Structures are given as structure tokens and as C-alpha cells.
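Right, one structure below, let's go through it.
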Amino acid sequence: MASSMISLGSTSLLPRDINKDKLKLGTSGSNPFPRTKSLSRVTMSVAAKPSRFEGITMAPPDPILGVSEAFKADTNELKLNLGVGAYRTEELQPYVLNVVQKAENLMLERGDNKEYLPIEGLAAFNKATAELLFGAGHPVIKEQKVATIQGLSGTGSLRLAAALIERYFPGAKVLISAPTWGNHKNIFNDAKVPWSEYRYYDPKTIGLDFDGMIQDIKEAPEGSFILLHGCAHNPTGIDPTPEQWVKIADVIQEKNHIPFFDVAYQGFASGSLDEDAASVRLFAERGMEFFVAQSYSKNLGLYAERIGAINVVCSSADAATRVKSQLKRIARPMYSNPPVHGARIVANVVGDAAMFGEWKAEMEMMAGRIKTVRQELYDSLVSKDESGKDWSFILKQIGMFSFTGLNKAQSDNMTNKWHVYMTKDGRISLAGLSMAKCEYLADAIIDSYHNVS
Amino acid sequence: MAMRIRNLASRRTMMMNSSPISGLRSMSSSWWKNVEPAPKDPILGVTEAFLADPSPDKVNVGVGAYRDDNGKPVVLDCVREAERRIAGTSFMEYLPMGGSVKMVEETLKLAYGDNSEFVKDKRIAAVQSLSGTGACRLFADFQKRFCPGSQIYIPVPTWSNHHNIWRDAQVPQKTYHYYHPETKGLDFKGLMDDVKNAPEGSFFLLHACAHNPTGVDPTEEQWREISQLFKAKNHFAFFDMAYQGFASGDPARDAKSIRIFLEDGHHIGISQSYAKNMGLYGQRVGCLSVLCENEKQAVTVKSQLQQLARPMYSNPPLHGAQIVSTILGDPELKSLWLKEVKIMADRIIGMRTTLRESLEKLGSPLSWEHVTKQIGMFCYSGLTPEQVDRLTSEYHIYMTRNGRISMAGVTTGNVGYLANAIHEVTKSS
């Protein structure tokens with residue numbers, strides 16, 4: 001990230017980067033302030049003074065979103081986009097859920113107005129999202145101990161929480177998994193919250209380094225925030241088992257840490273919305289205070305409408321009220337109030353029993369397709385790979401992503417030789433894989449794994 | 001503060017060690033003990049209070065959201081038609097970090113002109129933003145990151161959230177004279193003095209038209225003088241244009257201040273919002289633009305704006321942007337929009353006249369000339385906070401305590417009641 005001191009108020013008339021056809025300086029005696037193209041009269045050109053933004057350098061391309069751009073530019077017909085985590089059908093088309101279309105039509109027919117939402121967002125959405133997470137009728141909801149405010153999808157919700165941490169826990173650290181979603185670091189950096197990593201992925205087993213994780217959480221300064229993926233870990237697809245979750249909760253309580261869940265894939269891991277909330281509900285059972293960020297980008301396919309929520313479970317309704325008011329205070333100078341469209345869609349879907357049931361079925365279908373494709377990929381690898389390598393990690397991983405264990409050079413080979421687009425950390429998005437392409441992908445992986453180092 | 005937290009933490013450890021693993025239990029201590037209730041937002045809090053009031057006579061002239069003559073929120077016809085057209089056409093995939101390219105293109109035309117050379121030369125770094133607030137915040141963060149020693153000069157008074165925005169971006173604030181309480185007009189001399197006395201190369205926040213909350217705008221001639229002085233001082237002009245179309249009814253005319261600065265060669269920044277002029281309040285759609293020296297710099301600056309947006313919300317929402325680009329990209333719909341904007345602006349201008357005449361008819365001892373001289377959605381009435389409180393407690397009339405009346409909330413149905421109430425609380429002053 002580039003940052004530079006620009007000297008202001010420079011009185012020099014010599015800009016470093018002279019736009020030559022506009023300005024001629026020196027002793028030639030020519031007018032140093034020539035006409036600019038648009039004017040019918042001669043005026044002083046302010047281009048004579050150096051720009052304030054002279055020293056700004058190009059920001060690096062986003063490591064995830066840049067993959068899709070490269071894919072688009074590729075003309076090879078075998079190309080496969082396993083980059084960004086956006087669900088695709090078997091025909092590799094984007095998918096708008098039926099319930100979403102229904103909800104939008106309802107909204108169109110009703111002619112809803114477009115007034116500002118309150119800073120905390122749509123009340124019906126906030127109610128629905130908390131119930132989806134904790135279960136309707138859960139004590140933390142009944143006792144009003146959760147501060148919920150609508151946020152700009154997962155990113156925006158995480159950012160609100162990060163800003164709250166910076167403000168009320170100055171100096172406190174957030175521990176994030178190694179690896180984690182790339183944007184987590186950006187969020188905490190921009191919010192000026194220090195972070196460090198806890199061991200998570202074990203390249204030797206292509207599984208969870210559970211002992212390392214527990215140890216690192218134990219060694220963190222008391223009162224640290226521990227960022228946990230509620231389910232379907234991104235980028236690895238490796239989730240703790242229920243027994244491991246219990247131990248994680250134990251050590252967090254023991255060390256007086258504050259859990260901070262990122263739940264971006266509720267429903268996408270197992271296919272069941274309730275089952276995927278098990279880790280969060282376990283912590284709620286413990287009576288702990290913690291954060292949960294939610295996103296509806298994937299599970300309702302509402303990527304573009306930026307709908308999510310930040311929930312803060314507090315020990316009392318009074319604390320929840322105060323916390324909510326401070327979250328609003330952070331949101332107001334960021335965007336004033338959140339966008340209404342996505343919130344209405346979610347509220348309509350969750351608030352109508354028939355549509356909710358239909359959503360659950362579509363969720364199962366999407367998660368089911370991914371599970372099927374995992375199995376097909378595994379079967380292709382096993383049948384094609386004669387080395388006897390254990391590919392079972394593919395089946396053990398869960399959710400949209402699989403961490404293949406391929407290193408950067410091998411991932412590059414996937415792209416350069418096979419036109420398979422993925423992120424450099426070896427992550428493939430199974431949501432972008434079709435049954436028809438499994439064999440091709442298996443060939444690419446086997447080649448990259450065995451023939452490239 | 002860190003010490004207190006550590007001590008708090010160790011107390012909790014002691015409490016918790018007695019039963020580290022248990023079922024649901026109530027905690028007598030909380031991480032959030034030090035969190036105080038935040039004060040109510042001075043603007044949005046007014047609507048909250050209004051909604052809670054059971055009185056049938058209540059009037060909301062608080063938040064700046066347009067109402068028709070029946071006091072109802074309005075969804076523009078062009079917006080409804082656009083929504084019908086876009087229904088079911090989108091895959092809802094993520095927009096790029098910089099937002100909808102088409103929407104941004106159309107939006108730049110509104111601010112910079114239909115045939116702007118700056119657009120042609122690709123010199124403008126522009127991204128879709130979360131309405132005006134989001135545009136201002138992105139710019140404030142950008143200013144903090146790339147001109148770290150700089151301050152922002154903010155007019156007195158201004159929209160209260162401007163202060164919050166630059167404060168949370170950690171950019172120090174200074175103020176400049178703007179409103180003249182005695183004349184209820186512009187303190188031009190004070191403004192020019194402050195511009196002159198500011199260190200060279202300072203950043204200034206300007207309201208392009210329909211100043212919020214005062215409704216007081218510089219004349220064209222005054223804008224030209226301001227621009228010349230800015231040039232002499234090499235100041236950076238950041239325009240907040242939240243009411244293009246709402247001031248005069250003519251968007252081109254309302255962009256005059258910006259066009260003057262562009263003609264004079266300034267490299268400006270602009271925040272644009274479709275909340276009011278397209279009635280897209282809740283959709284949160286706007287645009288931040290920064291005019292750069294050349295295309296290369298514009299690409300660079302845009303990449304850095306995106307870099308700021310990514311850890312805030314990743315990419316902006318689609319729906320509102322689609323509505324905007326559908327309307328502005330279709331000549332018929334755009335023409336309908338322009339008609340509807342004029343209707344809204346004209347209704348407000350009409351209500352200004354009626355309110356003023358009503359107060360004069362009641363025999364008010366005060367001058368209400370400013371009600372018709374001021375422009376845009378708001379009237380800075382000159383009412384004191386105490387008088388405003390009386391209006392609320394005695395008459396159930398809701399407005400912000402700075403005496404700002406949202407003329408958009410005034411109707412033929414309530415203007416008499418409003419005039420009477422204002423007269424009652426001011427007649428003895």
C-alpha cells in the first residue's frame with residue numbers, strides 16, 4: 001500500500017512530471033501559461049503547479065478479484081475459473097435463487113418506498129438475521145442480549161466490529177488463522193487494530209493443525225480477540241470437528257479471550273442452516289460475550305446487494321443497547337445508513353414460511369452440487385493418479401473452497417499450462433467447477449503436483 | 001485505559017476460574033462496562049422522536065427527505081419505470097470495487113458537463129460510493145492517507161455529519177465563516193478572509209449548491225471571486241453536491257459553481273448523491289470523483305480509492321446504481337427525470353413563498369425574507385434551540401435544534417399550522 005508525504009503549498013513552478021505539450025518553461029521567453037484546450041480565453045493554467053497527488057503509486061491488484069479479470073482475458077476454450085467464491089450452476093452460470101426473484105417481484109408489486117433506513121438498518125432484517133444465527137427463541141434473543149445491526153455484507157460488518165474494537169479495546173490484538181481470507185488483514189489494518197496469526201493449516205496433512213491452533217490461542221495475551229470462521233473455512237475448507245470446537249471454546253474461556261466469528265457461508269457447508277450455526281450456538285450456550293459477522297452474499301446469492309449483519313452478544317440487555325448505539329455512531333460517518341434492497345429481500349424470504357422453506361431447499365441443492373462435485377473430483381484424481389497419493393483431504397474439506405496443497409509455482413502451472421484460474425495459495429473454488437470438468441481438472445492437478453516444484 | 005482493561009480482565013479471570021466450563025450462566029461483569037450510550041444523532045434522532053409521537057397534529061420538518069403535498073414519500077415515476085425494466089435482468093454478481101462503470105460515466109456527465117474534455121481525456125478518477133456520505137468518507141480517508149499533514153476547512157454551519165466523517169478519518173478540522181446570522185445570508189467577507197488566511201494549499205469543503213443547513217449559496221459572481229482566491233492560494237476545493245437539481249430545478253444551473261472552478265483550471269474533488277434528486281435515499285448511491293492531471297494519474301488515484309473501499313465494504317450495492325444508469329442512459333427516462341426534479345424543486349419554492357406570506361399575514365414582528373431568499377431543501381429559520389424545543393413540546397413540530405426547517409416536509413396542509421406555531425414562539429422576540 002503506497003503512502004507518501006506530499007509537500008503542500010509548493011511555490012515552485014517546476015512540476016516533476018511536465019505534460020510537455022501543455023507547458024514550456026525556461027528561458028525561451030514563451031508564455032508559461034498557454035491556453036488549455038477547452039477555453040476560449042487565456043487563463044492561468046493551474047497545471048503549472050505540481051499535483052498534490054504526484055507521488056501516489058498504483059495500488060496492487062486484488063489477489064482474489066484480479067483472478068477473474070485474468071480469466072476474462074483468456075481466449076482458450078478449455079479455461080476454467082476457480083477463482084472467486086461465487087456459486088455457479090453445472091452449466092457454470094451464475095445463479096439467482098428462485099426465492100430471491102420471488103421476493104423482488106413482491107417488492108416491485110408492492111411499490112415499496114425508498115426512504116432512508118435507520119442507521120442500524122431494517123428492523124425486520126435484523127430480527128430475521130439474529131434468529132437465523134442463534135435460532136428463534138434463543139435466550140440471548142429473548143433476553144435482548146444481542147446488539148444486531150445491518151452491515152454492508154460480511155466486509156462491512158467486520159469493519160464495524162473492527163472499529164468498535166479499536167475504539168474500546170485500544171491495543172487489543174486480533175488473532176486470525178493462518179491462512180485466512182485475504183481481506184481480513186486489510187480490514188484490521190485500515191481499522192488500525194493490530195493482528196497476529198494462529199496456526200491453522202497444516203501443509204503436511206492438508207488438514208487442521210489443531211495443537212498449533214490451541215497453543216497459539218493459549219499464548220496470546222489475555223483478552224485478545226480470536227477470529228474464527230463459523231463454518232466452511234475460507235480458503236482451506238478445513239473446519240474443526242464438533243469435539244475440537246468444544247476444546248477451542250474451553251481455551252478461549254480459560255484465557256478470557258473474545259471470540260469473533262465470521263459467518264459467510266451459513267448453509268453452504270453442510271447444506272443445513274441450523275447445522276452450520278452449531279459452532280456459534282455452542283459459544284452462546286457458554287454464556288460468552290462475542291462478535292458474529294454475517295453475510296448473505298453466498299447463501300442467498302445476494303453478492304451485489306451487500307447485505308449482512310454484525311451481532312454482538314452481550315451479558316445484559318443494557319450492554320447490548322449501549323453497544324448498538326456505539327456501532328451506529330461508527331456507521332453514520334461511514335455511510336449514514338445501509339442499503340435497503342438486499343435487506344428487504346432477506347426479510348421477505350425469511351419472514352414468509354413458504355419462501356423460507358423454499359430457500360432451505362435451494363440451499364441444500366447448492367451445497368449438494370458442491371458435495372457431488374467434490375466426490376467426482378476425488379474419484380477422478382484417485383482413478384487417474386497412479387502415485388497412490390492420498391487425495392482424501394478433498395472429501396474432508398467442506399464448503400465452497402478446497403485447499404489443494406499446490407504451491408505457488410504449481411498454481412501458476414495450473415493457469416499457464418491448463419488455463420485453470422485459481423488463487424496463488426492453492427485455493428480452488430468448487431462452486432465454479434462442473435461435473436463435466438472434473439476429469440480435466442484432475443489431470444491438471446496431477447500434472448502440477450507431480451511435475452512442477 | 002489499557003491498564004484498566006488489563007485489570008478488568010484479570011478480575012474476570014478470577015471470577016471465571018471458579019467454573020470455567022458450565023452451561024448458560026449470567027455474567028455479572030461485561031467487556032462492555034466502559035461503553036456509554038452514544039448521543040442521538042441530531043438529524044436522524046429527530047425522525048425517531050417524530051415517529052414515537054402519537055399526536056395527530058405532528059409535523060416532521062426534520063430530515064431532508066422530499067415529501068409530496070400530502071406529506072407522503074415519493075418514488076419518482078422514472079425510478080418505478082427503471083425498476084420494472086431491470087427486474088429479473090441481473091445475476092447479482094459483485095460489482096467491481098469501483099462500482100458500476102456505466103453509472104459512474106453518466107454521473108460524471110451531470111457534474112462535469114455532457115461534453116467535458118476531462119471525461120474525454122480520462123482525467124477523472126471516479127468510483128461509485130455509498131451515497132454522499134460514502135463519497136465524503138472515501139475522500140477524507142484518501143486525504144488522510146496521501147496528504148497526511150493536511151486539514152479540512154469546513155463551513156460554519158454545515159451538515160453535522162461532515163464533522164463526524166473527517167473526524168473518524170482522523171483529519172483535523174478547521175472552520176471558515178459562512179453564515180451571517182444578522183442578515184441570514186452569506187458572510188462573504190468573512191469567508192474570503194478565512195480563505196486568504198488559510199495556509200497555502202489547504203483543503204476546503206464547499207457545498208456546490210443548496211447549502212445544508214442554511215440554504216444560503218454564493219452568487220455566481222461570488223463563486224468567481226472565491227475561485228480566483230483559491231487559485232492564488234493553491235487551495236484544494238472539495239465539493240459536496242447532494243442537491244443538484246433541487247436548488248433551481250435545473251441540474252446544469254446547479255452545477256455552476258463546479259463549472260466555474262473547472263474553467264479556472266482547478267483540480268477538484270466532488271461528492272455526488274442521488275438520495276434526494278432521484279429519491280433513492282435508501283439505496284445509497286452516489287459517486288466520488290477526483291480530477292487529476294492526466295489519465296495515468298487518474299488510474300492511479302482510482303486504484304487507491306478502491307484500495308480504501310475494499311476493507312470497508314468490498315464493492316458497492318448494485319440496485320440503486322442500476323436504476324441510475326437505466327434512467328440516465330435512456331433519453332426518454334432522463335427527460336422524465338428532469339421534469340420530476342423540477343416539479344419537486346418548484347413545490348418547495350412554492351412552499352417557501354406560502355410560509356413567508358403566512359408569517360407576514362400573521363403580523364410577525366420579524367423579517368421572514370430569508371425564507372424565500374434561501375434555496376434548496378432547507379430554510380435556516382433563525383429560531384433558537386429553545387424556540388425549537390417549544391415547537392416540539394407544544395406543537396409537535398419536529399426539526400433540528402439549529403432551527404433548520406426541511407421545506408420538503410412543508411405542505412399546503414400543514415403550512416398554516418407551522419406558520420402559526422412559529423409565530424407563537426417568536427412573536428415576543
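Read-outs: derived from the displayed coordinates by stated rules, not from any lab. This structure is a prediction, so every number in the text was calculated from the model and none was measured. So basically every Cβ, Gly included, is an ideal-geometry build from the backbone, and we count neighbours across all protein chains shown.
Projected onto its three principal axes, the C-alpha set of segment B:78-219 covers 54, 35, 32 Å, listed from the longest axis down. Note on the protein assembly as shown: Kirkwood radius taken over Cα pairs, Stokes-Einstein applied at 10 °C and 1.306 mPa s, translational D equal to 54 µm² s⁻¹.
Stokes-Einstein diffusion for chain B, with the hydrodynamic radius set to the Kirkwood value over Cα pairs and evaluated at 10 °C in a medium of 1.306 mPa s, equals 68 µm²/s.
Each listed q (0.09, 0.21 Å⁻¹) maps to a log10 I(q)/I(0) for segment A:114-220 from the Debye sum over equal C-alpha point scatterers, namely -0.34, -1.13. With respect to chain A, whose longest principal axis is taken over its alpha-carbon atoms, helix A:242-254 is tilted by about 60°. Between the listed residues B:275, B:344, B:391, the Cα displaced farthest toward the positive end of the dipole of the protein assembly as shown, a dipole computed from Cβ unit charges relative to the Cα centre, is found at B:391.
Against chain A, whose longest principal axis comes from its Cα atoms, helix A:98-110 is set at around 60 degrees. The shape of chain A can be summarised by an equivalent ellipsoid whose semi-axes, obtained from the alpha carbon gyration tensor, come to 40, 32, 25 Å from longest to shortest. Projecting the Cα positions of B:265, B:412, B:367 onto the charge dipole of segment B:254-412 (unit charges on Cβ atoms of Lys, Arg, Asp and Glu, taken about the Cα centre) puts B:412 furthest along the positive direction. A Cβ-based charge dipole, computed about the Cα centre of chain A with Lys and Arg at +1 and Asp and Glu at -1, lands at about 2380 debye. Only the Cβ atoms of Lys and Arg (+1) and of Asp and Glu (-1) were treated as charged; on that basis the dipole of the protein assembly as shown about its Cα centre amounts to roughly 1980 debye. Extension gain, residue B:174 to residue B:192: 0.36 nm times the residue separation minus the Cα-Cα distance gives 5.0 nm.
Note on segment A:397-443: Cα-Cα pairs beyond 14 Å make up 47% of the total pair count. Mean per-residue shielding of peptide A:115-127 is 3, counting Cβ atoms of other chains within 10 Å of each Cβ. Could you compute the longest span of chain B free of GluC sites (Glu not before Pro) located in DSSP loops and having at most 13 other Cβ atoms within 10 Å, not counting the site residues? The answer is B:201-429. Computed from the C-alpha gyration tensor, the three semi-axes of the ellipsoid equivalent to segment B:40-94 are 32, 16, 9 Å, from longest to shortest. Counting Lys and Arg as +1 and Asp and Glu as -1 over every other residue whose Cβ lies under 11 Å from the Cβ of residue B:36, the net charge comes to +3.
Evaluate the charge dipole of segment B:316-429 about its Cα centre and quote only its size in Debye, nearest 20, assuming +1 on the Cβ of each Lys and Arg and -1 on the Cβ of each Asp and Glu.
140 debye
Between the residues A:51, A:452, A:93, the greatest Cα displacement towards the positive end of the dipole of chain A, with unit charges on the Cβ of Lys, Arg, Asp and Glu, is found for A:51. At q = 0.15 Å⁻¹, work out log10 I(q)/I(0) for segment B:96-157 with the Debye formula, treating every Cα as an identical point scatterer and leaving solvent out; two decimals please. Cα-only, vacuum Debye calculation for segment B:96-157: -0.60. Shielding of peptide A:314-320 by partners, expressed as the average count of other chain Cβ atoms within 10 Å per residue Cβ, is 4. Expressed in units of 2.2 N^0.38 Å, where N is the residue count, the Cα radius of gyration of segment B:154-289 is 1.01.
Any chance you could tell me what percent of the C-alpha pair distances in segment A:244-355 go past 21 Å?
I get 48 percent for the Cα pairs in segment A:244-355 exceeding 21 Å.
Annotation note: trypsin sites (Lys or Arg not before Pro) in segment B:192-285 located in DSSP loop regions with a Cβ neighbour count of at most 16 within 10 Å are absent.
Per residue of B:297-305, how many C-beta atoms from partner chains lie within 10 Å of its own C-beta, taken as a mean?
What the average comes to for B:297-305 is 4.
The protection proxy used here, the mean number of other Cβ atoms lying within 10 Å of each residue, ranks peptides A:200-209, B:56-65 as follows, highest first: B:56-65, A:200-209. A Cα-only calculation for segment B:320-399 places Rg and Dmax at 18.0, 51 Å. Pairs of Cα atoms in segment B:253-386 fall into 10 Å distance bins, from 0 up to the last occupied one, in shares of 9, 25, 30, 22, 11, 3, 0 percent.
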